[in-house]
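The values are calculated or read from the model by the stated rules, or taken from the named source; none is laboratory data. What you see is a predicted model, and the numbers here were worked out from it, not measured in a lab. Using ideal geometry, Cβ is built from the backbone for each residue, glycine included, and neighbour counts are taken over all protein chains shown.
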Amino acid sequence: MPATAQPYLLLHGVSKRFGGTQALRDVDLAAYRGEVHALVGENGAGKSTLVKVLSGAHAPDGGEIELDGQPFQVRSPSEARQRGVAMIYQELNLAPHLTVAQNLVLGSEVSVWGLARDPRDRMRRALELLGHGSLDLDAPVRSLSIGTQQIVEIARALMAEARLVIMDEPTSSLSADDAQALFRVVRRLADSGLAVIYISHFLEEIQSLAQRFTVLRDGRVAGAGLMADTSLAGIVRLMVGRDLGELFPRTPHTLGDEVLRVSALHGYRLPRGVGFSLRRGEILGLAGLVGSGRSECLRSLFGLHPARDGTVTVRGSGVRITALTPARALGLGLDLLSEDRKDEGLATRLPVRLNACLSSLARLSRFGLVSARREAEATDHWCQALGVRCASREQPAGALSGGNQQKVALARILLHNSDIVFLDEPTRGIDVGSKADICRLVGGLAAQGKAIVMVSSYLPELLGVCDSLAVMHRGELSPARPVAAWTEESIMLYATSGRLAAPVTEPRSLVPCPA
Amino acid sequence: MPSLTPGAGDPEQADRAGRRPWRLPTEVWTLAALLAVFGLFLGLCLARGETAFVSAYNLKTIITHTVIVGIGALGMTLLIVSGNMDLSAGSLIALTTVVTALVLKGPVGNGAVWGVAGGTGALAALWLSAHGRFSLAAVGMELVAAVLGAVAFLAAVHAGGPWLAVAAVAVGLLAAALCATVSGVITSRFRITPFIVTLGMMQIARGIAKWLAANQTVVPPPTWLNTLMTVDPGLADPRLGWLMVAPGVWLLLGLTVGVHLLLRLTVFGRHVFAVGSNPATARLCGVRVGAITTLTFALGGVFAGLAGVMQFANLTVGDPTAAVGMELDIIAAVVIGGGSLSGGEGSAIGTLIGAVLMTVLRNGCTMMGWENYVQSIIVGAVIIGAVAIDGIKHRLRG
């Protein structure tokens, strides 16, 4: 390994404060040339802030940064690029209609008499270094797979003479094969003498890729070291700072009569022949890979996704699923928390109050006139009960933090008071504290006798919160089993292959699985 | 009762929020702009030694000239808040003047009665087919609506005199509402952008107006409708002296209060804001997005029709070529008043101020004796400036 003793990038005591929140506190980090340095931490731990400081989008409040022995104080992303720092984000920054060659030089075109001249041999060399020398330079970028587009983006960084490449969750939208190809590229980048900072939630890929790691928690460095000296479980402990069992407290609750029965639910593509039943006070978890049809299943039952066929029985009376609309589903006592908080779950420009009351206006009004007093009381009551931190109920919902936004979306559901609640990824993208709050709340709802179906990609959470669990594989749902009959391994087996392992009752492992 | 007054949570956060621009209603900004423009022209006129600009008569003229665009803009406010717009507003105004004049001109034959019955029925049928459930009761309701419409119309025509004018206005409004409802149903059922649908309706309604009027102005006998827009009603008819300003101005003010209350206090208003801000969220929360959209279009059509009645009062004839391009003035008034073309924002009071601001600009230019083209350039610049300021406000907020 060509690691030199001198770190290429050195951070010492870097801090950043946004209003009342300390996003970064005394962060130290050293990245070496020829090495992949993994940066891990829960959402909200400060990874993105740190990346934005390095890319010039934010200026740090304190601390020192050195790049190649020189002080590094950039004020804009373009200045950072000139210093040889390249960013690869999970969302691609390519012009889809332009060709590979045009994208590779976009913004730094060289022209002769006003005509663009492509430095094709340099492009080839960059692509060859990444192991993709045979890529057609004249193909429009949108005709390439997402994985190949990512290669083009990295090649663009190389064309700009980058010597430090920062990758922010680069595999989150890639297929397994594309991800493997990307890992080879990242290794080649490091082998060619670049320093790579690699951010990911997928701990396995970090273990096989990185030489060093730094764990952030609540804006501080919780631990750092050599990958070879550490186990995955050790990193998880550093990330969460406590055992997973404490994160998902169970509220005792008892199961009652059946309130919802679904059988042979077919969508136009997904889901396929899904059936399950739900009892009062039950929390049913739906696990499965993203895109396996979990969300479509819930959305069909709420009338948001067109269903082809299926029988749904709510509290003993049958419902025609093809005639279901959200308004009617709400009338039947169903409710849904959307996984897409920003674009569907909340009207982010409208005040918190209106978001919380939107489903229940009929109850808060008389003769079509809304009672401002009852509206304000209801909003305050639920914001207080859920611990929403907001300056005022008239604040636009979009101005709150992710966790607080989710609590406002939940306040709407609690205010409407349906007794069958579908939660689609309720803890996605929110901080650890809010996650625990929401898990506790779900347990509390079950204790009140509500029935809950919860979709989540985070298995420890499902195993910690749910009473029973079913797994989706390509639109087909496994039989629901008590949660004790599942392990993370058997869930992943069904999710990836559709095969059901024999029920086992071993102690659960504590390592989060990439799902 | 738990309260979340500023400062309940984190004092620092509350303090920051206290300085954010959303604490100030947008109407305040628009009013400030109006006063600035008014002050500017006042200064310019006084510098020339002219005082006519601030004479009572000129102020009355300004507010009277605001009525047509203002009433149309109130309907447009509803549409723009709901994330839509209606480019056919100008054509609907012309159509209303023609239909109203035709009914007044008489003789009212069986054709007109059938037209009213059919129109009322069609409005109800459109509504039910797009957003209701089919049932015998629903079809029955349509029939009842059609019969009631026709009977009321017949009764009014039979009573004659002032009641004939009421019938004429009702038919004019019905025509405009029908066209707008068609736009609304197409927009919400077929998910076509309202820009395209209403661009088409703009041509269609203008065409129908010309067809009905046989390409000429329709000259009916005078009725009380003609007094609606007289700048000084006391001069026209001493019994109306107590009104001080044109009856149309009072209508505009009343409608402004009405739309303001509709948007702020009613469930319908909340739903309009929700649909405009984020249709996906509205649907998730059980709002019938399509029905709200169509209803908003229908209301917008009624307001365009009312503006058409005022236009008729102004012209005293039905003119199929009236109000060409007025939809743009109407949209501009809403935007100056704080409406956002991406939906979810807008206010009736802001719109009223915006409409007055546009009239003050035009009136001021006339008082200064500037050419028409100067007016155009200034009005255009003000519209762009209003949108730019809105954009800056959003970024500050962001």
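Looking at the structure I just gave you, is A:VAL40 touching a strand residue (DSSP E or B) at 6+ places or on another chain (Cβ under 7 Å), within 17 Å of A:LEU238 (Cβ to Cβ) and modelled with pLDDT under 90? Give the steps one after another, and end with the answer.
On the way: touching a strand residue (DSSP E or B) at 6+ places or on another chain (Cβ under 7 Å): yes; within 17 Å of A:LEU238 (Cβ to Cβ): yes; modelled with pLDDT under 90: yes.
Yes; evaluated as a whole, the condition is true for this residue.
The residues of region A:342-375 that are facing chain B (nearest Cβ under 9 Å) and assigned to a strand (DSSP E or B), listed by number, are A:PRO351, A:SER365, A:LEU369, A:VAL370. Examine region B:293-306 for a residue that is touching a Cys at 6+ places or on another chain (Cβ under 7 Å) and either of a type outside the set (D, E, K, R) or within 14 Å of another protein chain (Cβ to nearest Cβ) (or both), and state whether such a residue exists. Checked against the condition, which is being touching a Cys at 6+ places or on another chain (Cβ under 7 Å) and either of a type outside the set (D, E, K, R) or within 14 Å of another protein chain (Cβ to nearest Cβ) (or both), region B:293-306 yields at least one hit.
Quick check on this structure: which one of A:ASN417, A:ASN404 is surrounded by fewer than 21 Cβ atoms within 10 Å (Cβ to Cβ), of a type outside the set (Ser, Thr, Tyr) and more than 8 Å from chain B (Cβ to nearest Cβ)? It would help to see each step written out before you state the result.
Working: A:ASN404 fails: surrounded by fewer than 21 Cβ atoms within 10 Å (Cβ to Cβ).
Among A:ASN417, A:ASN404, only A:ASN417 is surrounded by fewer than 21 Cβ atoms within 10 Å (Cβ to Cβ), of a type outside the set (Ser, Thr, Tyr) and more than 8 Å from chain B (Cβ to nearest Cβ).
Listed by position, the strands (runs of 3 or more DSSP E) inside region A:245-336 whose residues that are under 26 Å from the mean Cα position of the chain (by Cα) number at least 3 are A:283-288. Only residues that are more than 13 Å from A:ILE206 (Cβ to Cβ), modelled with pLDDT of 75 or more and assigned to a helix (DSSP H, G or I) were counted in region A:222-236, giving 1. Scanning region B:205-229 for residues that are more than 13 Å from B:LEU102 (Cα to Cα) and without any contact (Cβ under 8 Å) to a residue 60 or more places away in the chain yields a count of 1.
Report, by residue number, each residue of region B:265-292 that is in contact with a Pro (Cβ under 7 Å, 6 or more places away or on another chain) and at the interface with chain A (Cβ under 9 Å from one of its Cβ atoms). Outline the logic, then answer.
Of the residues in region B:265-292, the ones in contact with a Pro (Cβ under 7 Å, 6 or more places away or on another chain) are B:283-284, B:286, B:289.
Those that are in contact with a Pro (Cβ under 7 Å, 6 or more places away or on another chain) and at the interface with chain A (Cβ under 9 Å from one of its Cβ atoms): B:ARG283, B:LEU284, B:GLY286.
For B:ASP390, the conditions (1) within 14 Å of another protein chain (Cβ to nearest Cβ); (2) surrounded by fewer than 17 Cβ atoms within 10 Å (Cβ to Cβ) are fulfilled apart from (2).
What strands (runs of 3 or more DSSP E) lie completely within region A:55-148 and have 2 or more residues being within 14 Å of A:MET159 (Cα to Cα), assigned by TED's automatic domain parsing to the domain that holds A:ALA181 and at pLDDT 85 or above? If you could, list the steps in order and put the result at the bottom.
Values: elements: A:62-67, A:85-88, A:110-112, A:115-117.
Hits in region A:55-148: A:85-88.
Here region B:243-301 is the region considered, the condition is being surrounded by 20 or more Cβ atoms within 10 Å (Cβ to Cβ) and charged (D, E, K, R), and the residue that is nearest to A:ARG349 (Cα to Cα) is B:ARG270. Kindly evaluate B:ASN314 against the criterion of being away from chain A (no Cβ under 14 Å), over 26 Å from B:CYS45 (Cα atoms) and either surrounded by fewer than 17 Cβ atoms within 10 Å (Cβ to Cβ) or touching a residue at least 24 places away in the same chain (Cβ under 8 Å) (or both). Yes; evaluated as a whole, the condition is true for this residue. Residue pairs whose Cβ atoms lie under 6 Å apart, sitting 6 or more positions apart in sequence or on different chains, and linking a residue in region A:288-312 that is without any contact (Cβ under 8 Å) to a residue 60 or more places away in the chain and farther than 24 Å from A:ILE491 by Cβ to a partner that is small (Gly, Ala, Ser) and assigned to a helix (DSSP H, G or I), are A:GLY303/A:ALA329; A:ALA307/A:SER300.
The C-beta contact set for region B:21-38 (first residue over 17 Å from B:LEU361 (Cβ atoms), second residue hydroxyl-bearing (Ser, Thr, Tyr) and at pLDDT below 90, distance under 9 angstrom, 6+ apart or interchain) comprises B:ARG23/A:SER392.
Before we move on, is B:ARG239 more than 23 Å from B:GLY75 (Cβ to Cβ), surrounded by fewer than 22 Cβ atoms within 10 Å (Cβ to Cβ) and facing chain A (nearest Cβ under 9 Å)? The answer is no for B:ARG239.
Every residue, every condition in (1) among the hydrophobic types (A, V, I, L, M, F, W, C); (2) surrounded by fewer than 22 Cβ atoms within 10 Å (Cβ to Cβ), yes or no:
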residue	(1), (2)
A:ALA264	yes, yes
A:ARG280	no, yes
A:GLY316	no, yes
A:ALA327	yes, yes
A:LEU337	yes, no
A:LYS342	no, yes
A:ASN355	no, no
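Filtered by the rule that a residue be more than 19 Å from A:GLY131 (Cα to Cα), at pLDDT 90 or above and not aliphatic (A, V, I, L, M), region A:182-211 gives A:TYR198, A:GLN211. Taking the criterion of being out of contact with any helix residue (DSSP H, G or I) (no Cβ under 8 Å at 6 or more places or on another chain) and either within 7 Å of chain B (Cβ to nearest Cβ) or of a type in the set (A, V, I, L, M, F, W, C) (or both), the only residue of region A:329-341 that qualifies is A:LEU332.
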